[in-house]
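Below is one structure, written out as structure tokens; the observations come after it.
The values are calculated or read from the model by the stated rules, or taken from the named source; none is laboratory data. Since we're looking at a predicted model, the values are computed, not measured. Neighbour counts run over all protein chains shown; Cβ positions are idealised from the backbone, glycine included. Calculation scope for accessible area: heavy atoms of the full protein, side chains included, ligands and nucleic acids excluded. Shrake-Rupley method; radii C 1.70, N 1.55, O 1.52, S 1.80 Å.
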Amino acid sequence: MATYDRLFDTLGLRDWCGTEESDGPMSMADLLAKSSGSEATTSLRDFPFPSLDALHDACQAIPQSRDLTKGLETGFLDIRDALRVVVDPLTQPLSWALEDMLWVMTETPWWVMVPVLLLITYAVARSWKVVGFVALVLAGLAFVDHYEVAMQTLAIIFVCALICVLFGVPIGIAMSRSDRLQGVLTPVLDMLQTLPPFVYLIPLIFLFSVTEPKLYGIAVILYAIVPVVRLTNLGIRLVDPDVIEAADAFGMTKSQKLFGVQIPLALPNIMAGVNQTIMMSLAMVVIASMVSAPGLGILVLRGIRNLELGVGLIAGLGIVVLAIALDRVTKASLARIDASQTSR
Amino acid sequence: MTKNVKVSIRNLYKIFGADPQAALAKVHEGMTKAELLDQTGHVLGLQDINVDMKEGEITVIMGLSGSGKSTLIRHLNRLIEPTAGEVLVNGEDILSWNDAQLRTLRRESMSMVFQNFALLPHRTVLENAGMALATRGMARRDFEGEANKWLDRVGLAGQGEQYPRQLSGGMQQRVGIARALASNSDIMLMDEAFSALDPLIRTDMQNLLLELQAELQKTIVFITHDLDEALKLADHLVILKDGAVVQQGQPQEILLNPADPYIEDFVADINRARVLRVRSVMTDRKPDAPVDGEVAPGDNLESVIALAEGNLDRAFSVSKNGETLGYIDMQSLVRALVPRRVDAEA
Ligand SMILES: Nc1ncnc2c1ncn2[C@@H]1O[C@H](COP(=O)(O)OP(=O)(O)O)[C@@H](O)[C@H]1O
Ligand SMILES: [Mg+2]
């Protein structure tokens with residue numbers, strides 16, 4: 001007898017529940033009870049919570065918890081093919097972009113790649129100090145033979161961060177213009193940011209095959225797009241209302257206002273968002289190594305799996321210096337924008 | 001000489017809140033601003049405003065903070081939509097205009113100067129001055145000449161490549177004025193344009209405005225909470241209290257004949273000898289006392305007292321271009337210096 005038998009009897013639901021005995025698999029508790037030879041008399045201490053499993057014991061018609069997880073799984077598998085028809089072609093360019101970028105950054109000889117990276121650094125940061133620091137970081141990584149993995153990590157970050165900005169800034173702008181959209185998107189952004197990164201991976205693994213780069217690409221983008229959206233929205237909402245009023249009073253159109261006033265004045269905030277987006281891409285790229293994202297994360301993973309302490313530590317250190325370098329470069333460009341327009 | 005009415009406000013009401021029309025009905029039934037706020041939570045911003053603003057004149061709207069001045073001036077270019085009433089510009093009701101017409105109005109016929117300057121911080125002084133022209137689609141090299149001309153005119157020659165934050169408050173507001181002038185609009189709206197400035201700089205800016213106005217003859221709507229400033233600038237003075245007009249007319253007229261105790265209090269602290277002009281006090285009647293000299297109608301009473309060396313038995317003829325317009329004697333002059341009480345008259 002199960003604990004909740006009497007409940008169903010008194011509710012008169014016994015017929016609905018079906019026969020007592022079933023050919024379904026026995027639960028562990030049933031087995032134990034059977035082997036102990038006597039019907040377990042439940043003491044108050046063991047009184048079970050009316051969970052699905054406990055209720056199922058008393059009434060066959062109620063599903064077990066494992067049916068729930070199973071149902072979700074089959075449900076997802078059922079719509080998977082339909083979903084793939086839509087999502088696959090949409091996201092295919094992401095795979096190509098990642099593959100191409102990985103190819104370019106690893107196949108280009110180092111004596112071309114490193115100067116190009118340093119040039120980009122100078123173009124963005126306009127500071128020889130930062131360029132020197134980046135040179136040091138790259139040289140250090142190359143010296144311990146981590147050049148190729150570092151380039152792989154960077155390639156993924158570049159592609160994903162760029163896509164985050166391409167989508168995130170317009171989404172942020174749309175959010176700043178509509179309180180309703182802000183109301184809808186804020187909880188979504190909150191969720192994306194608080195979900196443990198592993199959780200993104202689960203449905204994605206089912207959707208795409210593990211060998212496709214877009215699998216980790218999507219995971220990284222979903223995770224890292226949040227700050228640039230948030231800060232674009234915030235930055236535009238924080239633009240001095242007096243200045244907006246002046247723009248209106250002189251007859252600016254909506255787009256003149258957006259591109260001539262709102263975006264330029266929100267730029268420091270947008271850049272702060274880009275900085276955070278890049279840092280979060282890096283964090284996610286490492287985790288995404290579990291689903292075949294190449295780069296430094298693979299080595300960290302190897303360190304953990306095979307208990308190769310040295311390999312894991314060096315790769316971890318590589319990630320740290322890469323993070324510092326990326327942060328320095330974006331912060332330097334942020335400071336440049338700030339300096340050129342700190343208002344009043 | 002009667003001038004054309006350029007901008008005209010007719011029976012204008014503005015109510016802030018969720019259901020302004022319902023609140024408007026209550027106001028028509030006679031509910032006051034305080035009652036309306038108490039019982040319905042609506043703010044009566046403006047009630048039954050009727051003002052004519054004449055071409056080429058400075059109309060000053062004065063009132064304490066919260067009296068609805070900013071709300072009123074923003075109806076003239078429809079930055080705020082009224083709850084009821086009409087706004088006529090050159091005889092046309094701009095409330096019926098669509099977005100495109102409204103944009104043209106704002107770009108070409110009305111410019112605005114703001115209390116907090118509201119310059120674009122990321123643009124140079126020159127680009128700010130040319131903002132109206134750039135908004136019309138002009139390229140920088142096309143508006144540069146015009147923008148520089150007006151920057152020179154307001155005393156900012158050579159500062160075009162600076163950024164607004166590099167300038168002092170007074171200089172920033174000069175940019176604000178240059179920006180408004182460079183649009184070549186014939187109407188200029190100035191919302192407490194000088195209130196954020198230090199007193200000495202404020203006086204400079206008032207003089208600059210009068211100087212420019214003598215030359216350009218724009219239709220200016222100027223808002224202030226400062227009576228001295230109002231009296232100095234106004235051709236037509238409108239006094240606002242709790243969203244309603246309490247008195248409007250020539251400033252001298254208001255000073256000599258305040259319509260209610262509220263305005264009496266307002267004008268009580270004014271140096272009347274300096275503000276009142278001979279033309280406001282002079283009479284046709286030839287005085288009994290001998291005429292000791294000539295004064296101009298635009299002279300203030302202070303200068304007449306100085307001319308009489310403080311003696312009360314003097315009288316002067318008022319003449320302009322050799323023609324005698326009237327007379328002024330010291331006794332009526334001194335009487336005019338004493339503020340008149342409305343209740344004392346009754
Ligand atoms: N958007 C608004 N919503 C509600 N009340 C407002 C709004 N704008 C102005 N008011 C109210 O209208 C009145 C007049 O404001 P305002 O025109 O700014 O006065 P002033 O410029 O004379 O200081 C004030 O009582 C103010 O609180
Ligand atoms: Mg105001």
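Here the helices (runs of 4 or more DSSP H) wholly within segment A:102-215 that include at least 2 residues being of a type in the set (Val, Ile, Thr) and under 26 Å from the mean Cα position of the chain (by Cα) are A:147-177, A:179-194, A:197-207. Consider B:Gly85 carefully, then state whether it is on the phi > 0 side of the Ramachandran plot and within 14 Å of ligand 1 (Cβ to nearest atom). Spelling it out, it is not the case that B:Gly85 is on the phi > 0 side of the Ramachandran plot and within 14 Å of ligand 1 (Cβ to nearest atom).
For B:Leu37, the test of being at pLDDT below 95, within 16 Å of ligand 2 (Cβ to nearest atom) and either surrounded by fewer than 20 Cβ atoms within 10 Å (Cβ to Cβ) or not hydrophobic (A, V, I, L, M, F, W, C) (or both) is failed. Condition check: more than 16 Å from ligand 1 (Cβ to nearest atom), over 29 Å from B:Asp235 (Cβ atoms) and either more than 13 Å from chain A (Cβ to nearest Cβ) or assigned to a loop (DSSP other than H, G, I, E, B) (or both). Does B:Gln162 satisfy that? Yes; evaluated as a whole, the condition is true for this residue. Taken residue by residue, segment B:167-184 has no member that is buried (at least 18 other Cβ atoms within 10 Å of the Cβ), away from every other protein chain (no Cβ under 14 Å) and either in a loop (DSSP other than H, G, I, E, B) or within 16 Å of ligand 1 (Cβ to nearest atom) (or both).
Sub-7 Å Cβ pairs linking a first residue in segment B:244-259 that is in contact (Cβ under 8 Å) with a residue 12 or more places away in the chain to a second residue that is of a type in the set (Phe, Trp, Tyr), at least 6 apart or interchain, are B:Val246/B:Tyr262, ordered by first then second residue. Taking first residues from segment B:41-57 that are within 14 Å of chain A (Cβ to nearest Cβ) and β-branched (Val, Ile, Thr) and partners that are away from ligand 2 (no atom under 16 Å from the Cβ) and assigned to a strand (DSSP E or B), no Cβ contact under 8 Å between residues at least 6 apart in sequence or on separate chains turns up. Looking across segment B:85-125, the residues that are within 16 Å of ligand 2 (Cβ to nearest atom) and open to solvent by 50 Å² or more (accessible area, probe 1.4 Å) come down to B:Gln115, B:Asn116. Taking segment B:188-295 as the region of interest, the helices (runs of 4 or more DSSP H) fully inside it that hold 3 or more residues being aliphatic (A, V, I, L, M) and assigned by TED's automatic domain parsing to the domain that holds B:Gly176 are B:199-216, B:227-233, B:251-256.
Taking interchain pairs and intrachain pairs at least six residues apart, which have beta carbon atoms under 7 angstrom, with the first residue in segment B:88-112 and within 10 Å of chain A (Cβ to nearest Cβ) and without any contact (Cβ under 8 Å) to a residue 60 or more places away in the chain and the second open to solvent by less than 40 Å² (accessible area, probe 1.4 Å) and small (Gly, Ala, Ser)? From residues that are within 10 Å of chain A (Cβ to nearest Cβ) and without any contact (Cβ under 8 Å) to a residue 60 or more places away in the chain, the pairs are B:Arg103/A:Gly251; B:Arg106/A:Ala249; B:Arg106/A:Gly251.
Taken across segment B:17-26, residues that are over 30 Å from B:Leu216 (Cα atoms), assigned by TED's automatic domain parsing to the domain that holds B:Arg103, more than 15 Å from ligand 1 (Cβ to nearest atom) and open to solvent by 10 Å² or more (accessible area, probe 1.4 Å) do not occur at all. Restricting B:Met188, B:Met205 to residues that are within 14 Å of chain A (Cβ to nearest Cβ) and away from ligand 2 (no atom under 15 Å from the Cβ) narrows the list to B:Met188.
Pairs meeting the criteria (first residue in segment B:159-177 and among the basic types (Lys, Arg), second residue open to solvent by 50 Å² or more (accessible area, probe 1.4 Å), beta carbons under 6 Å, at least 6 apart or on different chains) are B:Arg165/A:Arg344. May I ask you to list the residues in segment B:40-64 that are in a strand (DSSP E or B) and open to solvent by 30 Å² or more (accessible area, probe 1.4 Å)? Within segment B:40-64, B:Val43, B:Gln47, B:Asp48, B:Asn50, B:Asp52, B:Lys54 qualify.
Residues that are away from ligand 2 (no atom under 16 Å from the Cβ) and more than 30 Å from B:Asp235 (Cα to Cα) within segment B:40-70 comprise B:Thr40, B:Gly41, B:His42, listed in sequence order.
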